[in-house]
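The structure appears right after this line, and notes come after that.
The values are calculated or read from the model by the stated rules, or taken from the named source; none is laboratory data. Note that the coordinates shown come from a computational prediction; the quantities given were computed from them, not determined experimentally. Cβ: placed from backbone, ideal geometry, glycine included. Neighbour counts: every protein chain shown.
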Amino acid sequence: MPVPRMPWRRDPSRAGVCHVCGSVVQSNARSGDSGVLLALQRKSGGGCPHKFNFWGLRMKVATFIARILVGLVFVVFGSNAFLNFIHAPLPTGLAGEFFTVLFQSHYVFFVGGIQVLGGALLLANRYVPLGITLLGPVIFNILLYHLLLDHTGGSVAVVVAILWGILFYRYRQNFASLFVQKAA
């Protein structure tokens, strides 16, 4: 079985065919060069519009990894509010009083539900902007908790916030209408 021809790979013996548009393309690289195709040209003189985009591939991979990691973090830790499978002692001081109030008022169940819902939306790759919107205030509150009340574990919160920022950047076109200066 022959190996399928990739348009970004250089084949010095003959011109290739773009896998997207079907146009005949050839390399302007020297015959001794190897690796990624430097430029694709149509035989008619114009360039193929479907050049391989390494930045786009990297962004897609980064988005996929960030989406899965953030989704898993919030599904697991949100489920812990209901199932209590991660046993940890309450912190001392104001942080302990804060958690005591959250548990006694059952507020932690609502926050856990939002975390599970937002994480599940990210893992399912459905309604991702809604999942990002639900998890944004939760992440903000987690960062404030670690900044003001308990500094332990703050580095994990910063990493999750950075991953959330990658997702927000990738789906920024869905939030563009929020940043309109004057409403119509």
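Below, the figures for the structure above:
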| item | result |
| --- | --- |
| Any hit, the stretch 164-177, residues being among the small types (G, A, S) and at pLDDT below 95 | yes |
| Test: residue in the stretch 107-125 that is at pLDDT 95 or above, under 28 Å from L57 (Cα atoms) and part of a loop (DSSP other than H, G, I, E, B) | yes |
| Enumeration of residues in the stretch 137-162 that are free of Cβ contacts under 8 Å to residues at least 40 places away in the same chain, within 19 Å of A81 (Cα to Cα) and touching a helix residue (DSSP H, G or I) at 6+ places or on another chain (Cβ under 7 Å) | I139, I142, L143, H146, G153, A157 |
| So T92, is it surrounded by fewer than 12 Cβ atoms within 10 Å (Cβ to Cβ) and either touching a residue at least 40 places away in the same chain (Cβ under 8 Å) or part of a loop (DSSP other than H, G, I, E, B) (or both) | yes |
| Search result, residues across the stretch 95-115 that are touching a residue at least 24 places away in the same chain (Cβ under 8 Å) and of a type outside the set (A, V, I, L, M, F, W, C) | G112, G113, Q115 |
| Residues located in the stretch 126-153, provided they are of a type outside the set (A, V, I, L, M, F, W, C), at pLDDT 95 or above and exposed (fewer than 14 other Cβ atoms within 10 Å of the Cβ) | R126, P137, N141 |
